[in-house]
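The values are calculated or read from the model by the stated rules, or taken from the named source; none is laboratory data. These figures come from a predicted structure and were not determined experimentally. No Cβ is skipped: glycine too gets one built from the backbone with ideal geometry, and neighbour counts run over all protein chains shown.
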Amino acid sequence: MAKKKSTGWGMIGAWSFYVGILVAFLVGIFSSTPIPGEAAAVVLLILGLIVGLLNISDKEITPFLIASIALMIAATIATVVPYAWIPRVLANIVVFVLPAAVIGSLKAIWTLAKN
């Protein structure tokens, strides 16, 4: 995450990240299905959107997108892990990171197009 001011929009983005990770873990651990429920998915998507808009700076786009790809691959492979809660947590984190990755991708495309 980019270093943001400790007030205003920077704090909203930082808290959105922390709450999103916490929700992803809690829903993944206490859920019995591999896919988050509709309400949890909507919350994770909205928080991910906020994080993507407020926390990803231009110089962080490439590392963030690489990390997002690695996370999505790990979540796919984690289905063979014997602990049932791990794939659920990773699936929830992917739902959380997805909108931020889309926004980061669009920012990267925009930067490439204008140069």
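Values as computed for the structure displayed
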{"read-out": "Meets criteria (of a type outside the set (S, T, Y) and under 12 Å from the mean Cα position of the chain (by Cα)) for V80", "value": "no"}
{"read-out": "Qualifying residue in region 18-30 (condition: in contact (Cβ under 8 Å) with a residue 12 or more places away in the chain, crowded, with 16+ Cβ neighbours inside 10 Å, out of contact with any strand residue (DSSP E or B) (no Cβ under 6 Å at 6 or more places or on another chain) and outside any helix (DSSP H, G or I))", "value": "no"}
{"read-out": "Close pairs from region 72-91: first at pLDDT 85 or above and basic (K, R), partner assigned to a helix (DSSP H, G or I) and surrounded by 11 or more Cβ atoms within 10 Å (Cβ to Cβ), Cβ under 8 Å, at least 6 apart", "value": "R88/V27; R88/G28; R88/I29"}
{"read-out": "I77 being within 22 Å of A108 (Cβ to Cβ) and among the hydrophobic types (A, V, I, L, M, F, W, C)", "value": "no"}
{"read-out": "Any pair with Cβ under 6 angstrom, 6 or more apart, that starts in region 93-115 at a residue that is under 12 Å from I56 (Cα atoms) and ends at one that is of a type in the set (S, T, Y)", "value": "V97/S68; A101/S68"}
{"read-out": "Lone qualifier among A100, A74, A84, A70 - being small (G, A, S) and buried (at least 16 other Cβ atoms within 10 Å of the Cβ)", "value": "A100"}
{"read-out": "Selection count where residues are farther than 21 Å from A91 by Cα and part of a loop (DSSP other than H, G, I, E, B), scope region 31-55", "value": "1"}
